[in-house]
Amino acid sequence: MKSLLALVLAAGLVSSARATPDPLEAQARHFVVLATSLGHLHPKEIDAYWGPPELDMRKRGPAPSLIGLRQDLIRLRGDIAHDAPSRRRDRLGARLDHLIALLGVIEKPRALAFDRQARQVYGMSVPPDAKVPARPPVPLDRLLPGRGDLTARLAVWRARFVIPQARRKAVFLRALEECRARTLAHWPLPADEKLDVVWSTDVPAAWHRYRGHHQSLLQVNPAAVADPASALDVACHEAYPGHHAQFVAMEVGPQGLPVEDTVVILRSPEQVLREGAANYGVDLAFPAPARLAFTRDVLFPLAGFDRRQAASFVQVHRAVGDLALSVLPILRDYYDGRIASGDAMARLVLDAQVSSPEALLEFTRDMGAYVSGYTVARDILAACVNARSHLGLDRWQALHEIVTGPDTNILDGSDNACAPYRGP
């Protein structure tokens, strides 16, 4: 590790420092070297990289040790603390703090309790008072009359709206087209932006990876878009105005993209914020009346369903979605060892009507507090969008500002964290 870093420093970092009186650019490049070195040791931790090739350590030389990598990160953190104050310095320092905390989680996955992990790795405050309802809410029960318990009735209802395999791709691609059109009506995206969709059973659901230069790859398991609601949710979340559009907007932003933002660390505040923004963006693109109209008039006919059932379908889908906040306390109790997997699965099914509880628990075991991004981060971001909309921005503008801005401190939930970005 030491000799490899020395070579990289000699070849690129030092020359960069000589080219500018500001040492921060060289330190940012050093950060990229260290972050991609983590990708050599644990490939899944680096979700994407499209920066200078000479800084990519994922396949160069021997993999580093966690101890050596932590020491290098701590030294770099100390160097940055001596730089002249700036937003970029503060943000880079915070990224190092979170990355150092992540190394601790990698080394000892359960050493930090769920809430402490959320704070130290993601800078996020998870509400301590979230409660699991004693029973499923009445509206869902009323929407699904009949015999048997609610879980059984919901399973029967879901089976009625499984899109035939032969129609599934057409439904998803039409949903993707509409998500893109609605996003382009509010966000300026370059003419060369492109999203390649690959159908694959090698991914459990859908997986987006940004390639840089306005290009992305989206792998989709057909099982993940098996009903019209899932097709629309995945299309907006993963693509427009979700992850693909987020990265494109960052890259074409007025301030440009600093080198440290060309490496995407999966378990990071930036990615958690993007997950929350992607979930929020689904409802922004399709508020309730628009969702019903598009589902009824476009997706249902493509899927071969009776459009007269669309209103009921959308109502049930929203009612199930309203149970999402019931999920997080269960996952937190499971991750912290307060309940066993069997109890967690039962609660996920009965309290939140989760259709694949085993997969969700496996994801939580692997990712820990990252799962907070889909609910807590979404709600924190929604509050910030509302706050900024009161200052004159519409919600699309406010979301764009948050996604392309340099700060993730809105995740701490403080009153002043939602202040608009005002420059370097």
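The values are calculated or read from the model by the stated rules, or taken from the named source; none is laboratory data. Everything numeric here is computed off the predicted structure, so don't read it as measured data. Using ideal geometry, Cβ is built from the backbone for each residue, glycine included, and neighbour counts are taken over all protein chains shown. Protein only, heavy atoms only, side chains kept; ligands, DNA and RNA dropped before computing areas. Shrake-Rupley method; radii C 1.70, N 1.55, O 1.52, S 1.80 Å.
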Most fluctuating of 105, 403, 121 in the GNM of the chain (C-alpha, under 10 Å) is 105
Could you check the spin-label model distance between residue 346 and residue 297? Points 7 Å from the Cα along Cα→Cβ, value in nm. 4.8 nm
Helix-only mean residue ellipticity at 222 nm for the chain, each DSSP H run of n ≥ 4 adding -39500 (n - 2.57), per residue, nearest 500: -16500 deg cm²/dmol
Net charge near residue 153, counting Lys/Arg +1 and Asp/Glu -1 over other residues with Cβ under 9 Å of its Cβ? -1
DSSP-defined beta bridges in the chain - what % are antiparallel, rounded to 5: 60 percent
Report ³J(HN,Hα) in whole Hz for each residue of segment 373-378, in order, from the Karplus equation J = 6.51 cos²θ - 1.76 cosθ + 1.60 where θ = phi - 60°; Gly and Pro get x. x, 6, 10, 4, 4, 4
Accessible area (Å², per residue) of segment 301-406, counting only protein heavy atoms and a probe of 1.4 Å: 42 Å²
Starting from the Kirkwood radius over alpha-carbon pairs of segment 136-250, derive D by Stokes-Einstein at 20 °C in a medium of 1.002 mPa s and give it in µm² s⁻¹. 137 µm²/s
For the chain, find the longest principal axis of its Cα atoms and tell me its angle to the long axis of helix 150-160, 0 to 90°, nearest 10. 90 degrees
Using the Cα centre of segment 178-293 as the reference point, and only Cβ charges (+1 on K/R, -1 on D/E), how large is the resulting charge dipole? Debye, rounded to the nearest 20. 100 debye
For segment 38-173, give the percent of accessible area contributed by carbon and sulfur heavy atoms, probe 1.4 Å, rounded to a whole number. 58 percent
When the chain is fully extended, how far beyond the present Cα-Cα distance does residue 22 get from residue 66, taking 0.36 nm per residue of separation? 12.9 nm
Mind checking which of 230, 257, 30 is farthest towards the positive end of the chain's charge dipole, using Cβ charges of +1 (Lys, Arg) and -1 (Asp, Glu) about the Cα centre? 230
Taking every other residue with Cβ under 10 Å from the Cβ of residue 143 and scoring Lys and Arg +1, Asp and Glu -1, one gets +2
Per residue, what accessible area does segment 212-287 have, given a 1.4 Å probe and all protein chains present, in Å²? 22 Å²
Environment charge at residue 292 (Cβ cut-off 11 Å; Lys +1, Arg +1, Asp -1, Glu -1): +3
Determine, for the chain, the count of lysine pairs separated by eight or more sequence positions (or lying on different chains) whose alpha-carbon distance falls under 28 Å. 10
Leaving out ligands, DNA and RNA, what percent of the accessible area of segment 270-424 is carbon and sulfur, probe 1.4 Å? 52 percent
I'd like the orientation of helix 341-352 relative to the chain: the angle between its Cα long axis and the longest Cα principal axis, in ° from 0 to 90, rounded to 10. 60 degrees
Debye log10 I(q)/I(0) at q = 0.20, 0.23, 0.30 Å⁻¹ for segment 162-209, Cα point scatterers: -0.87, -1.03, -1.24
Translational D (Stokes-Einstein, µm²/s) of segment 320-391 at 25 °C and 0.890 mPa s when Rh comes from the Kirkwood sum over C-alpha pairs? 189 µm²/s
What fraction of the DSSP beta bridges in segment 176-329 is antiparallel, stated in percent and rounded to the nearest 5? 50 percent
Between the alpha-carbon centers of segment 138-206 and segment 229-288, tell me the distance in whole angstrom. 18 Å
Using only the alpha-carbon atoms, how far is helix 66-81 inclined from the longest principal axis of the chain? Give it as 0 to 90 degrees, nearest 10. 70 degrees
Candidate residues 358, 178: accessible-area rank, largest first, probe 1.4 Å: 358, 178
Spread of Cα-to-Cα distances over 10 Å intervals beginning at zero, given as percent, for the chain: 4, 20, 30, 27, 13, 5, 1, 0
Extension reserve of the residue 110-residue 79 stretch, reckoned as 0.36 nm per residue once the Cα distance is removed: 8.1 nm
Rg [Å, one decimal], Dmax [Å, integer] - segment 231-382, C-alpha atoms: 17.7, 52
Given 410, 220, 185, which one lies farthest toward the positive end of the charge dipole of the chain, if we put +1 on the Cβ of every Lys and Arg and -1 on the Cβ of every Asp and Glu? 220
